[in-house]
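Engineer: Once you've had a glance at the structure underneath, I'll fire off some questions.
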Amino acid sequence: MKIAQVFYTGFGGTGSVAFSLISADRERSQDWLIGFVGDQPLDPSYPDRCMRHNVQWAEFRSSARGPYLAWLRLALWLSKKKPKVVLLHSINSIVVCRVFGWLYGAKVVAVEHTPNAVKSRAVWLASRLSMLLADRIVVLTAEYRNELAKAHGSLFRPHKVSIIPNGIDTDSFFPATRMSSKQGTIRIGMAARFAWSKRQDLLIDMIAELRSRKPEVHWSLSLAGDGETFDRIRDKTKARGLENVVKLEGRMPETQVASWLRELDFYVHASEGETLSTSLLQAMATGLPIVASDIPGVTNLLGGDHKSGICVANTVEAFSDAVQYLVDNGKIAESLGTNARATCVSRYGNREMLSTYLDIVSLPPK
């Protein structure tokens, strides 16, 4: 079966999910295509990953005047390739993909990745259109499904909605021995797009606070990613005099993320909104102790019977207290990392994710 995945050109978690689906298809039972749509330059790692997976791809760059020409080019590409299924990870293109589906008998599956708490008006409109036009809707958590039902009201179509958590390759993301850690150094990191909903700024203040509390420790903060707030974070780092403490990694190919995570001692994730963060799953699979924002989409992932991290308020004091607690309580930190790895392996593997996606696209439209 020919499956086209459509997602954003820039760095982000949707790309990780899309490529995780392809890498999970080890037998290459499906014929995969990828269309990149967006107003940002194509992430430089994407063409290389397409080549490694032997996947055909095309880029449809939006202009300053709007996405309409990009959508037209996407429609022409789909008409030429004629996939049987379109997995739409960037739901702003729902109308174009739906028209293609009607004309060529293809199924359209809209995947809701954007946290409801940070959706723009345009994304909310696309979400409502997807509920009406898509054959299937995929959400990542039960909480997200409930939020959609409340937000959409009479437009909500429960028979269309399936819950499929993101999955990652837990064979590629595995724990380090930790024996390589430099004595007296605590290495902390976060990987995420630099956007207004992410709180890398809070982590800059956190590392300054930790240095003040424990000046004998060599603290190191590594921030991987790029985006519209990158310059603001860089400027704040300089203003706080932390250039030798904070390393801005920029865009990091996912092929390097696993080894980068294994160099860390702790993973932190400060955010105003999440659905099911791929970065958090990768940190969990690597067996890192985690401190993260106490928000929907994070608390439900790290909490539960097998607690996999510490969730705190989005304040400098709360993040600093939690990190210091884990530094001072090594056995608890180790236990959190062990639980995180076990949870990720048992619930969030990419093979399970692929199997569930293939199940829903094999079912007739409802």
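Engineer: Okay, helix-only estimate at 222 nm for the chain: each DSSP H run of n ≥ 4 adds -39500 (n - 2.57), divide by all residues, round to 500 deg cm²/dmol; what do you get?
Structural biologist: Calculated from helices alone, the mean residue ellipticity at 222 nm is -13000 deg cm²/dmol.
Engineer: Compute the angle between helix 350-362 and the longest alpha-carbon principal axis of the chain, please, reported from 0 to 90 degrees and rounded to the nearest 10.
Structural biologist: Tilt relative to the chain: about 20 degrees.
Engineer: Sticking with this structure for a sec: What are the equivalent ellipsoid semi-axes of the chain, built from the alpha-carbon gyration tensor (square roots of five times its eigenvalues), in whole angstrom, biggest first?
Structural biologist: Working: eigenvalues 260, 87, 77 Å².
Sorted largest first and rounded, they come to 36, 21, 20 Å.
Engineer: May I ask for the net charge around S172, where only other residues with Cβ less than 14 Å from the Cβ of S172 are counted and Lys, Arg are +1 while Asp, Glu are -1?
Structural biologist: Charge balance near S172 sits at +3.
Engineer: Return a whole-number percent for the relative contact order of the chain, with Cα pairs under 8 Å and 6 or more residues apart as the contact set.
Structural biologist: Over the chain, the number comes to 16 percent.
Engineer: On alpha carbon coordinates alone, what is the Rg over Rh value for the range 91-209, Rh being the Kirkwood radius?
Structural biologist: Checking Rg against Rh, the ratio lands at 1.13.
Engineer: With charges only on Cβ, +1 for K and R and -1 for D and E, what is the dipole size of the chain about its Cα centre, in debye, rounded to 20? Please list the in-between numbers first.
Structural biologist: Details: 45 positive and 36 negative charges, 240 e Å.
It comes to approximately 1160 debye.
Engineer: May I have the pair-distance distribution P(r) for the range 1-58, computed from all Cα-Cα distances with 10 Å bins from 0 and rounded to whole percent?
Structural biologist: With a bin width of 10 Å, the distribution comes to 23, 62, 15, 1.
Engineer: Over the range 210-325, calculate the relative contact order: mean separation of alpha carbon pairs under 8 Å at least 6 apart, over the residue count, as a percent.
Structural biologist: Relative contact order for the range 210-325 comes out at 19 percent.
Engineer: What are the lysines whose alpha-carbon lies under 27 Å from the alpha-carbon of K238, with same-chain residues fewer than 8 places away excluded?
Structural biologist: Output for K238: K182, K198, K214, K247.
Engineer: Over the range 19-73, what relative contact order in percent results from Cα pairs under 8 Å that are six or more residues apart?
Structural biologist: Values: 53 pairs, mean separation 19.3, N = 55.
In percent, rounded to a whole number, it is 35.
Engineer: Using packing as a proxy for protection, rank 166-177, 150-161, 11-22 so that the peptide with the highest average count of other Cβ atoms within 10 Å comes first. Present the calculation step by step, with values, prior to reporting the outcome.
Structural biologist: Values: 166-177: 18.5, 150-161: 13.1, 11-22: 23.5.
Answer by packing, highest mean first, reads 11-22, 166-177, 150-161.
Engineer: Here's a follow-up. If you count only protein heavy atoms with a 1.4 Å probe, what accessible area per residue comes out for the range 256-366, rounded to a whole Å²?
Structural biologist: 39 Å²
Engineer: Angle between the Cα long axis of helix 13-24 and the longest principal axis of the chain, 0 to 90 degrees, nearest 10?
Structural biologist: Between the helix axis and the principal axis of the chain, the angle is about 70 degrees.
Engineer: Still on this structure, please answer the following. In straight Cα distance, which lysines are under 17 Å from K307, not counting same-chain residues fewer than 8 positions off?
Structural biologist: The qualifying lysines are K331.
Engineer: Here's another thing I want to ask about it. Determine the equivalent ellipsoid of the range 176-265 by diagonalising the alpha-carbon gyration tensor, then write out the semi-axes as square roots of 5 times the eigenvalues, largest first, rounded to whole Å. Walk me through the numbers before you get to the answer.
Structural biologist: Details: eigenvalues 86, 71, 16 Å².
They are 21, 19, 9 Å, listed from largest to smallest.
Engineer: Treating the Cα atoms of the range 221-330 as identical point scatterers in vacuum, please give the log10 of the normalised Debye intensity I(q)/I(0) at q = 0.12, 0.19, 0.20, 0.22 Å⁻¹, two decimals.
Structural biologist: Those come out to -0.44, -1.16, -1.28, -1.49, one per q.
Engineer: Could you give each residue of the range 133-147 its phi-based ³J(HN,Hα) in whole Hz, using Karplus coefficients 6.51, -1.76, 1.60 with θ = phi - 60°, and x for Gly or Pro?
Structural biologist: Along the range 133-147, the couplings run 9, 6, 6, 9, 10, 10, 10, 9, 9, 5, 4, 5, 4, 5, 5 Hz.
Engineer: Now for a separate question. Using a simple charge model, +1 on the beta-carbon of Lys and Arg, -1 on the beta-carbon of Asp and Glu, nothing else, what dipole does the range 1-111 show about its Cα centre, in debye to the nearest 20?
Structural biologist: 360 debye
Engineer: Follow-up. Considering only the chain, what is the antiparallel percent among its DSSP beta bridges, to the nearest 5?
Structural biologist: Numbers: 2 of 49 bridges.
In the chain, approximately 5 percent of DSSP beta bridges are antiparallel ones.
The values are calculated or read from the model by the stated rules, or taken from the named source; none is laboratory data. Remember, predicted model here, so these are calculated numbers, not experimental data. With ideal geometry, Cβ positions are generated from the backbone for all residues, glycine too; neighbour counts draw on all protein chains shown. The protein model used for the area step is the full one, side chains on, heavy atoms only, and it has no ligands, DNA or RNA in it. Shrake-Rupley method; radii C 1.70, N 1.55, O 1.52, S 1.80 Å.
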